[in-house]
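What follows is a set of notes on a single structure, which appears directly below.
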Amino acid sequence: MKTPLLELRNFTVLRSGKKVVKNFNLLLEEGEKAVLAGPNGVGKTSLAEAVLGFLPFEGELLYRGRPVRTKEDFKLLRRKVGFVFQNPDDQLFMPTVREELAFAPANFGLSPAEVNRRVEAAAALLGLEELLDEPTFSLSFGQRRLVSIACVLTAEPELLILDEPTNGLDRENWLRVARFLNETEKTVLVITHDRDLVTFLGWRVVLLSGTPLASSWRTEIPDPYQCD
Amino acid sequence: MAEGRGRLRLLAFLAAALLIYALDSVRALMLALALSSLLFFLLRTPRNYLKGLLYANAFTLLVIAGLLFTDPIAHLRTAAVIFLKANALLLLTFALVLPAGLLELLRTLEGLGLPKRLVLLALLSYRYLTTLRDEYEKLKRAAACRGFEPSPSLRTYRTYGYLLGALTAKSLLKAKEVYKAMTLRGLEG
């Protein structure tokens, strides 16, 4: 049997001493794409933060079958797992889009040529070529969202976790993000409560609330492609 | 009842702090330090506050070292006064002021006649300092997520510069938004 890429066993997340997620189990195979859904406040973001080592947890976190526990383990894990924050403004801080995209590969000590190759590739993938030399803070929210995804892609992560990637986007940018998610060959976990996105992607849905998935999540929302 | 106790504590603190501030004799200051320590333990002040005493003393000792370095014999008495006074005042603050928390402290100060506007300003400052700290933590996490590890290098200093720059820009934008929201709800001045 193949070892899963990410596995959570009886995963309980603690925030300020309170258990915000209790005994959660998740198994994500390499190359698999899944949606972690649930209403506001059930702990979806906290779960992702704990997986990245930013919040304490109880239970087991395994990456490629190996337990992740120590500070060093999490440092290594963060090289392999790309995380796109819910709010791009919490993620972006470099002066230009190019520097933002180059930040991760430069931290990994890659050569300037390789950094540049990754920057160009990620920008091309999300249609950001024209914006590379623009100041990050002068961009629209939708553009900042795309930059926040691109700047994670330049790290070439094995697993991509995106927290509410379509929040606050207009239809054009919504479609760009949704199409990117559908087309990428990476292992992806999308955290969302956007029913349109869940319907559009048609991936396995893991619910965090513990209640069964409402049928409306799959049937009531029209295909956004048809809205063009 | 609790409000009355809060007032009493604050008034006692102000009186004792003024007295310690005015003291100049080493012997009297030693007594003041002993009494402050006694108060600290009698009032069952959380012991983790003592960590603050360590940090503060690191600074005090630095000042004292500077003094003694210039002329140890002439400054020995001054160094003792600084050390005793600082520690007596800190222990007194830990025992009488800190356990109340900022909100209760401000309410008590308002009860003692501090202008409402100043209390509001202090509350807003406190609220936004917390917000700033949270925002900074988020940015630091964002950097850590992309492989940033601080080291004594130019790249690290530049990254911290960008982090602080982003924090300042975000703070200014947030301040403008909050100002607009307050104006829309009738704030003048």
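The values are calculated or read from the model by the stated rules, or taken from the named source; none is laboratory data. Bear in mind that the values here come from a model prediction, so they are computed numbers and not experimental data. Cβ placement follows ideal geometry from the backbone for every residue including glycine, while neighbour counts extend to all protein chains displayed. Side chains are part of the model used for accessible areas, which takes the heavy atoms of the whole protein and leaves out ligands, DNA and RNA. Shrake-Rupley method; radii C 1.70, N 1.55, O 1.52, S 1.80 Å.
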Residue check: is B:LEU43 closer than 29 Å to B:LEU123 by Cα, out of contact with any Ser or Thr (no Cβ under 8 Å at 6 or more places or on another chain) and open to solvent by 50 Å² or more (accessible area, probe 1.4 Å)? yes
Answer with yes or no whether A:GLU120 is within 12 Å of chain B (Cβ to nearest Cβ) and among the charged types (D, E, K, R). no
Matching residues in segment A:16-51 - criterion: being within 18 Å of A:GLN86 (Cβ to Cβ) and without any contact (Cβ under 8 Å) to a residue 60 or more places away in the chain: A:VAL20, A:GLY41, A:SER46, A:GLU49, A:ALA50
Just give me the residues in segment A:177-195 being among the charged types (D, E, K, R) and surrounded by fewer than 19 Cβ atoms within 10 Å (Cβ to Cβ), in sequence order. A:ARG179, A:GLU183, A:GLU185, A:LYS186, A:ARG195
Taking segment A:62-78 as the search range and keeping residues that are closer than 20 Å to A:LYS186 by Cα and in contact with a Lys or Arg (Cβ under 9 Å, 6 or more places away or on another chain), which one is surrounded by the fewest Cβ atoms within 10 Å (Cβ to Cβ)? A:ARG64
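Every residue, every condition in (1) within 14 Å of chain A (Cβ to nearest Cβ); (2) under 30 Å from A:GLY53 (Cβ atoms); (3) open to solvent by 70 Å² or more (accessible area, probe 1.4 Å); (4) under 15 Å from the mean Cα position of the chain (by Cα), yes or no:
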site	(1), (2), (3), (4)
B:VAL63	no, no, no, no
B:ALA74	no, no, no, no
B:ALA79	no, no, no, no
B:ASN87	no, no, no, yes
B:PRO99	no, no, no, yes
B:LEU103	no, no, yes, yes
B:LEU124	no, no, no, no
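Results for (1) under 20 Å from B:CYS145 (Cβ atoms); (2) of a type in the set (Val, Ile, Thr); (3) part of a helix (DSSP H, G or I); (4) modelled with pLDDT under 95, shown as yes or no for each residue.
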| position | (1), (2), (3), (4) |
| --- | --- |
| A:ALA104 | yes, no, yes, yes |
| A:LEU110 | yes, no, no, yes |
| A:ASN116 | no, no, yes, no |
| A:VAL119 | yes, yes, yes, no |
| A:GLY142 | no, no, yes, yes |
| A:ARG176 | no, no, yes, yes |
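Name the one entry in B:LEU92, B:LEU167 that is part of a helix (DSSP H, G or I), farther than 19 Å from A:ALA104 by Cβ, within 12 Å of chain A (Cβ to nearest Cβ) and open to solvent by less than 40 Å² (accessible area, probe 1.4 Å).
Values: B:LEU92 fails: within 12 Å of chain A (Cβ to nearest Cβ).
Exactly one residue qualifies, and that residue is B:LEU167.
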